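The values are calculated or read from the model by the stated rules, or taken from the named source; none is laboratory data. The structure displayed is predicted, hence computed values, not measured ones. Neighbour counts run over all protein chains shown; Cβ positions are idealised from the backbone, glycine included. Areas reflect the complete protein model, heavy atoms only, side chains present, ligands, DNA and RNA absent. Shrake-Rupley method; radii C 1.70, N 1.55, O 1.52, S 1.80 Å.
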Amino acid sequence: MRWPYPRIVAHRGGGRLAPENTLGAIRLGASMGFKGVEFDVMLAGDGTPVLIHDETVDRTTNGRGEVSKMTYPELSSLKTQNEETIPAYAEAVRLCRELGIWANVEIKPAQGYERATGEAVARMTGELWRGAPLAPLLSSFSIGALEAAQAAAPELPRGYLVKNVPDSWQATMQRLGCVALHCHFQALNGKLAADIHEAGYAILLWTVNDPDEARRLLAVGANCLVTDALDRIGPDFR
Ligand code: G3P
Ligand code: MG
């Protein structure tokens with residue numbers, strides 16, 4: 001089991017302290033000393049990967065509509081809550097590299113675009129992060145997206161992202177060539193943590209916002225915590 005990545009990672013860029021999945025959020029996390037960031041990547045209707053969590057723009061921008069039905073120029077005409085625009089994945093990578101930040105890139109396909117999203121994000125990741133000191137970790141709740149990512153860029157590390165951990169976790173991770181299991185923090189217990197480590201995999205937990213809970217989970221065996229509470233669980237948290 002190897003975890004060469006940061007131990008504390010800022011969720012959706014800047015957690016609760018900045019509008020999610022924006023460049024401003026990534027900048028804020030970096031300014032607070034975070035060395036790792038998680039963000040969500042979906043395909044726009046014209047195939048451009050962009051940073052957004054939901055299948056529609058309704059919650060996070062001043063527009064309405066489905067991401068998969070809008071072109072990147074259409075998406076770019078909308079404003080996020082910090083008066084920015086929805087970043088293209090390429091812009092976010094440029095910023096991370098400029099700031100020296102590592103990323104857990106969550107492949108977040110709109111329904112029906114699982115393979116296309118996994119393929120595009122993996123292929124672009126291979127190109128955009130080439131030569132970076134630490135390759136990003138791709139993860140997804142979508143098995144189809146992970147399969148497509150594996151086929152497109154087998155050399156990139158992958159995380160198996162789940163809410164609850166199914167009994168079949170080990171077989172699935174082996175088949176998908178994953179290096180880490182990413183699960184909801186309430187799904188982990190001491191026995192499971194030991195089994196995951198013994199099988200040779202690392203453990204990333206989301207979304208941990210309470211410092212006491214964070215300390216407990218690290219003691220149980222978590223290798224990495226993804227947090228929204230950047231002000232309470234800082235980059236050097238112990
Ligand atoms: O990748 C961890 C976490 O981001 C998964 O949940 O819904 O915040 O993308 P969500
Ligand atoms: Mg996410």
Residue 102 within 16 Å of ligand 2 (Cβ to nearest atom) and either aromatic (Phe, Trp, Tyr) or surrounded by fewer than 19 Cβ atoms within 10 Å (Cβ to Cβ) (or both): yes
Residue list for the range 73-110, restricted to those being within 18 Å of the chain's Cα centre (by Cα), of a type outside the set (D, E, K, R), under 17 Å from residue 43 (Cα atoms) and part of a loop (DSSP other than H, G, I, E, B): 86, 87, 109, 110
Qualifying positions in the range 62-73 - touching an Asp or Glu at 6+ places or on another chain (Cβ under 9 Å) and either of a type in the set (Ser, Thr, Tyr) or farther than 12 Å from residue 21 by Cβ (or both): 63, 64, 65, 66, 68, 70, 71, 72, 73
Any hit, the range 130-149, residues being of a type in the set (Asp, Glu) and open to solvent by 50 Å² or more (accessible area, probe 1.4 Å): no
Residue, farthest from residue 115 (Cα to Cα), within the range 77-98, restricted to residues that are crowded, with 16+ Cβ neighbours inside 10 Å and of a type in the set (Gly, Ala, Ser): 92
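Yes/no matrix, rows are residues, columns are (1) closer than 19 Å to residue 16 by Cβ; (2) open to solvent by 30 Å² or more (accessible area, probe 1.4 Å); (3) more than 14 Å from ligand 1 (Cβ to nearest atom); (4) part of a helix (DSSP H, G or I):
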position	(1), (2), (3), (4)
178	no, no, no, no
195	no, yes, yes, yes
203	no, no, no, no
213	yes, yes, yes, yes
222	no, no, no, no
